[in-house]
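Here the structure comes first, spelled out in structure tokens, and everything after it is commentary.
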Protein chains: 4
Amino acid sequence: RYFLTGDDLKSLHLTFNRFSHKGDYGKVLLIGGSKGKVGAVLLASKAALRTGSGLVFALVPEDERLILQIGAPEVILANQDEIKGLQIFDALGVGPGWGQEIDISFYESLLKRYHKPLVIDADGLNLLSAHPRLIELVPNGSILTPHIKEFERMTGKVDHHLDRLQKARDFSEKHNVYLVLKGQFTSITCPDGRQFFNSSGNQYMATAGSGDVLTGMVTSFLGQGYPPLNAALCAVYHHGLAGELASETRLRGTIAGDIIESIPASFLKLGIA
Amino acid sequence: RYFLTGDDLKSLHLTFNRFSHKGDYGKVLLIGGSKGKVGAVLLASKAALRTGSGLVFALVPEDERLILQIGAPEVILANQDEIKGLQIFDALGVGPGWGQEIDISFYESLLKRYHKPLVIDADGLNLLSAHPRLIELVPNGSILTPHIKEFERMTGKVDHHLDRLQKARDFSEKHNVYLVLKGQFTSITCPDGRQFFNSSGNQYMATAGSGDVLTGMVTSFLGQGYPPLNAALCAVYHHGLAGELASETRLRGTIAGDIIESIPASFLKLGIA
Amino acid sequence: RYFLTGDDLKSLHLTFNRFSHKGDYGKVLLIGGSKGKVGAVLLASKAALRTGSGLVFALVPEDERLILQIGAPEVILANQDEIKGLQIFDALGVGPGWGQEIDISFYESLLKRYHKPLVIDADGLNLLSAHPRLIELVPNGSILTPHIKEFERMTGKVDHHLDRLQKARDFSEKHNVYLVLKGQFTSITCPDGRQFFNSSGNQYMATAGSGDVLTGMVTSFLGQGYPPLNAALCAVYHHGLAGELASETRLRGTIAGDIIESIPASFLKLGIA
Amino acid sequence: RYFLTGDDLKSLHLTFNRFSHKGDYGKVLLIGGSKGKVGAVLLASKAALRTGSGLVFALVPEDERLILQIGAPEVILANQDEIKGLQIFDALGVGPGWGQEIDISFYESLLKRYHKPLVIDADGLNLLSAHPRLIELVPNGSILTPHIKEFERMTGKVDHHLDRLQKARDFSEKHNVYLVLKGQFTSITCPDGRQFFNSSGNQYMATAGSGDVLTGMVTSFLGQGYPPLNAALCAVYHHGLAGELASETRLRGTIAGDIIESIPASFLKLGIA
């Protein structure tokens, strides 16, 4: 078991060097949103941009497209061609605000057609619990980011903290995925059994949309070419540090949007050029 | 009669402790809005988030949903299932921007189905005045937040300040509700006859939407598990202090959105961690 | 002829006193906007709020309502009842973004039904030029705010600066209106022949929407109960000073929205509590 | 070959003098956007405003108009009359977010009807590559702003850096246009063979929408009356400096919207009054 600190983190980052273009920083696609629940995708998309992604696409129901276009004009909405050619994306983030009524065959097709690690959160996880056959389709090395209730929906009721950690190891190993278990001390479990515990973050991050921000961050790092473990570690730590920085002047008045806007300050604080 | 100061206030707050998740800070639902008058719900929802709510849902006409989704992506729009299962919400805030043409049977059904204290403001109050039988359905311990004209619509014309305070006591006692009577010195009247007078706030808060902000704040504290009286006291005081802080650099140029953005500064100023 | 300075201005303001409510600061209605040109009404409405109005209503085509609701949630969109009961408004601001294809009978009905001074700008002025019989319907004491081209459309081609000032005097006297002639030195002409020249403002205010901001400010002061001359003088001066303050750190990069956000700083700088 | 520095730049600017009105700073039209890709036009339009344009119009599909109206209320959406009377515009910027399915006959008509230099970017360039006959219609002195891939689509695969510069000279001379070739050292190539290399900017500008911001800036300077070369030089340099300033506190967390908001700081830093 490892305790993750800012010092550990520095060496995990890829550099942004002078001779680069936006393609070097990854093209990611965030998939989620349903009528009335599209804010989650907006938060995730903005977080991905602030984490350094070169290009961020979003897929939401067409009637809701203005939410993304007005809230984050830098984001492009994926069209049918872009969805068909999924492989053009360096990473996918799937699930925020999806709702439970999503067309399950679309989800299945997505998992079958995309062959790189992807990030699954929220209703993307709940749908895995409701349709267990889907979990076999999740690409190796993917990153799942459940909070405790979502985790229990996947693995059954957990008795205590140690039981939960064991179940996380079992799940990661069995399905060959990374598991980011969100809570007061977020843990990252690897398929090889290693477990990391995050030291950043505070209680003021227990606010609506905070998890969507994390999804966007993990997807961004993954799309920038980080190995899944490093993507998870960097995202979890910066998410927590951004939350600490955002809450310094806001305390319990901190909201998810503030965390996004503090991501750059987290890079600055850790000296990640 | 009591005069409410910042010192009184501190001890009334529940703590935000390290081992918590967003469910600990309440799930609230703001109900209101009609075509052209949905900004009121946006203001109330944002205020609830800034006051510390873990999850904020809103119910507005479907065609107006983008107002909430773009203006506050952290807010989720309630769907029909969520409205049917009203008991999942820790508190409701009812009335901002509702208009007078609302389907009264929906309001009636709401009051019959929800059994915890709720917050009623604006057209939620005007509809009680227009349909007096509804007032008997208001759950015990609810918080009503009329300004002076709305109060007179409920109780009849008031002659002078003392008469108004007496009518407030009578009303609170008779209907077993807390009455927040908004004005230059906002008063909070309890069913047992106690009356509190707020010392925070200033004339620059006499601006469109200021009352909607208060509604969101009361609903937020109530949803966080505060007893109704404490929810009302904390909301009224922080609302006033946030207004003072917002107006320091804006004077008569202060608008409701500024008050919302100053709620965190109010927590900081009072040392409410 | 008078040269308007900050010192002159202070004594013209009404006070915001402790025992007030939003009704004391006026209820104004901004009328304008057509498909693709509704931003003008949003700018004017926000400017009215920042100038101190208690309640700001807007009337724009229904399909465009989200522009106002999202851009300024404090603003309420007027419905048919509110338009019929025009007298409930303390002041109207008419014209920004209206376009030339507006239903002229609506404009005519508006001028016939509203009996207090109102503010006319932009296409509201162009329509007066195109339909000269309408100008006889403009209420006495109204404030017209043309820029030089709009003025020439009303009075015919002007030869030089002094000719323009004479034509302004003639127009004001004949139609019993106040004329705010916008330019590098904005002049305010009274029906009694007095002319005031503004000393605030700079070249960076020559930007799209700057005039809409002024319209909102004049309407706001008028709705707060200022005599038309004082409303015009205060609006013109604060508009210019806000522009100066906004451009200090932005120079030619200043946009109309910046001017709005600097209105409070103008009050602060002049010590208008 | 020339290396462009801040000192060179100062003398290229036109002054903003006291006796001016918004017409003096140009009326520009940004044309682009398709369903889900309208954010590009919003970014370009805002950049044009921040660069000093007096009036900014945009042409996007009508159903997407709210994106512009809410995101930048200072921008006006062009209607059919305004599109017919193209000559009223001092400059056009064509292409951001257009997509490949645009009605090519509209593009052709545009190039035939507009006789002043214009700015072409993104899909405006890709369409020139796909329909080579169109390139003959591009007005002399126009400014094309491809990134390296877009350039290769126009001229064929490039072997190395020097080859690219030679191809740029050939292309500029042949078609009598200015070529802004975007990359780590953006180059500006003139029809007479001169080549300028920009010294401002950094790797943090390799982010979605950064190119759209540049398009808006070039169009703005062109519309203010700058000769095309000066418009390109000023835009490229300020774009880079604004990016540097925006990224000082954001590093890899910098997004295109930040660059826009730092344009005024670039004027301030160079002392461009």
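Nothing in this text is a laboratory measurement; each read-out follows from the coordinates by a stated rule. All values reported here derive from a predicted model rather than from experimental measurement. Quick reminder, even Gly has a Cβ in these numbers, built from the backbone with ideal geometry, and neighbours come from all protein chains shown.
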Backbone HN-Hα couplings from phi across the stretch C:155-164 [Karplus 6.51/-1.76/1.60, Hz, Gly and Pro as x]: 10, x, 3, 10, 7, 8, 4, 5, 4, 5
Amide H proximity to residue B:30 below 5 Å, modelled H, separation 5+ or other chain, gives B:57, B:58, B:59, B:93
Starting from a Cα-only point model with no solvent, please compute log10 I(q)/I(0) by Debye for the stretch C:206-273 at q = 0.24, 0.27 1/Å. -1.01, -1.19
Taking chain D as a Gaussian network, where each spring joins two C-alpha atoms under 10 Å apart, which residue of D:170, D:192, D:121 fluctuates the most? D:192
Got the residue D:227 label distances to the other copies yet, label 7 Å along Cα→Cβ, in nm, shortest first? 5.7, 5.7, 8.1
From Cα coordinates alone, what are the radius of gyration and Dmax values for the stretch B:30-133 in angstrom? 12.8, 38
Measuring from a point 7 Å out along Cα→Cβ, what nm distances, shortest first, does residue B:148 have to its partners in the other copies? 5.0, 5.0, 7.1
Using the 7 Å Cα-to-Cβ label point, sort the distances from residue A:136 to its equivalents in the other copies shortest first and give them in nm to one decimal. 6.2, 6.2, 8.8
List, largest first, the extents of the alpha carbons of the stretch B:67-126 along their principal axes, each in whole Å. 30, 25, 19
With every atom except the alpha carbons ignored, what do you get for Rg and Dmax of the stretch B:102-149, in angstroms? 10.1, 29
Calculated P(r) tail over 15 Å for the stretch C:92-185, as whole % of Cα pairs: 57 percent
Computed curve, the stretch C:1-80, Cα-only Debye sum without solvent term, log₁₀ I(q)/I(0) at 0.14 Å⁻¹, is -0.57
Proxy exposure order for C:65, B:1 (fewest C-beta within 10 Å first) is B:1, C:65
Hey, what does the equivalent ellipsoid look like for the stretch D:123-255, semi-axes from the Cα gyration tensor as sqrt of 5 times each eigenvalue, largest first, whole Å? 24, 17, 14
Derived scalar couplings ³J(HN,Hα) [the stretch A:68-79; Karplus, 6.51 cos²θ - 1.76 cosθ + 1.60; whole Hz; x for Gly, Pro]: 6, 5, 7, x, 8, x, 6, 7, 10, 8, 5, 9
Which value in nm describes the separation of the simple spin-label points at residue A:10 and residue D:249, placed 7 Å from the Cα toward the beta carbon? 2.4 nm
Let me check against my output: what whole-number percent is the relative contact order of the stretch C:106-259, with C-alpha pairs under 8 Å and at least 6 apart? 20 percent
Cα point-scatterer Debye curve for the stretch A:184-244, base-10 log of I(q)/I(0) at q = 0.15, 0.23, 0.24, 0.28 Å⁻¹: -0.43, -0.95, -1.01, -1.23
Shielding by partners for C:76-86, please: the mean number of other protein chain Cβ atoms within 10 Å of each residue's Cβ. 2
Sum of side-chain charges, residue A:218 neighbourhood, beta-carbon under 12 Å (Lys, Arg +1; Asp, Glu -1): -1
Which residues' amide hydrogens lie under 5 Å from the amide hydrogen of residue C:138, considering only partners 5 or more residues apart or on another chain, with H built in the peptide plane? none
Taking the protein assembly as shown, how much of its Cα-Cα pair set, in percent, is spaced more than 62 angstrom apart? 8 percent
Give me the distance between the Cα centres of the stretch C:116-144 and the stretch B:70-114, rounded to whole Å. 44 Å
Of the DSSP beta bridges with both residues in the protein assembly as shown, give the percent that are antiparallel, rounding to the nearest 5. 20 percent
So the FRET efficiency between residue C:269 and residue C:3, C-beta based with R0 = 22 Å and rounded to 0.05, is 0.70
For a label point 7 angstrom out from the Cα of residue D:162 toward its Cβ, which stretches of the stretch D:1-27 have the backbone nitrogen within less than 18 Å? D:1-2
Please list, in order, the residues from the stretch A:215-247 whose amide nitrogen is less than 14 Å from a point placed 7 Å along the Cα→Cβ vector of residue A:199. A:237-238, A:241
Among B:129, B:142, B:105, whose mean-square fluctuation peaks in a Gaussian network model of chain B (Cα, cutoff 10 Å)? B:105
Sequence-distant or interchain residues sharing an amide H contact under 5 Å with residue D:118, placed H: which? D:142, D:143
Mean per-residue count of partner chain Cβ within 10 Å for B:114-125 equals 0
Local electrostatic count at residue D:43 - Lys and Arg +1, Asp and Glu -1, tallied over other residues with Cβ under 9 Å: -1
Compute the distance from the alpha-carbon center of the stretch C:157-192 to that of the stretch B:196-260, in whole Å. 46 Å
Residue of chain D nearest the D-to-B rotation axis [by Cβ], rounded angstrom distance: D:70, 4
At 1.002 mPa s and 20 °C, Stokes D of chain A from Kirkwood alpha-carbon radius, µm² per second: 117 µm²/s
If exposed means GluC sites (Glu not before Pro) lying in a DSSP loop and surrounded by at most 16 other beta carbons within 10 Å, then the longest stretch of chain D lacking such sites spans residues D:102-247
Karplus-derived 3J(HN,Hα) from phi for the stretch A:227-232 (6.51 cos²θ - 1.76 cosθ + 1.60, θ = phi - 60°), whole Hz, x at Gly and Pro, runs x, x, 4, 5, 4, 5
Neighbour-count ranking [beta-carbon atoms within 10 angstrom, fewest first] of C:219, D:207: D:207, C:219
Treat the count of other C-beta atoms within 10 Å as a stand-in for reagent exposure and order D:269, D:157, C:22, C:84 from fewest to most. D:157, C:84, D:269, C:22
GNM top mover of B:127, B:251, B:49 - chain B, alpha-carbon springs below 10 Å: B:251
Calculate the mean, over all residues of peptide C:60-69, of how many other protein chain Cβ atoms lie within 10 angstrom of the residue's Cβ. 6
Chain B: relative contact order as a whole-number percent, Cα under 8 Å and 6+ apart: 23 percent
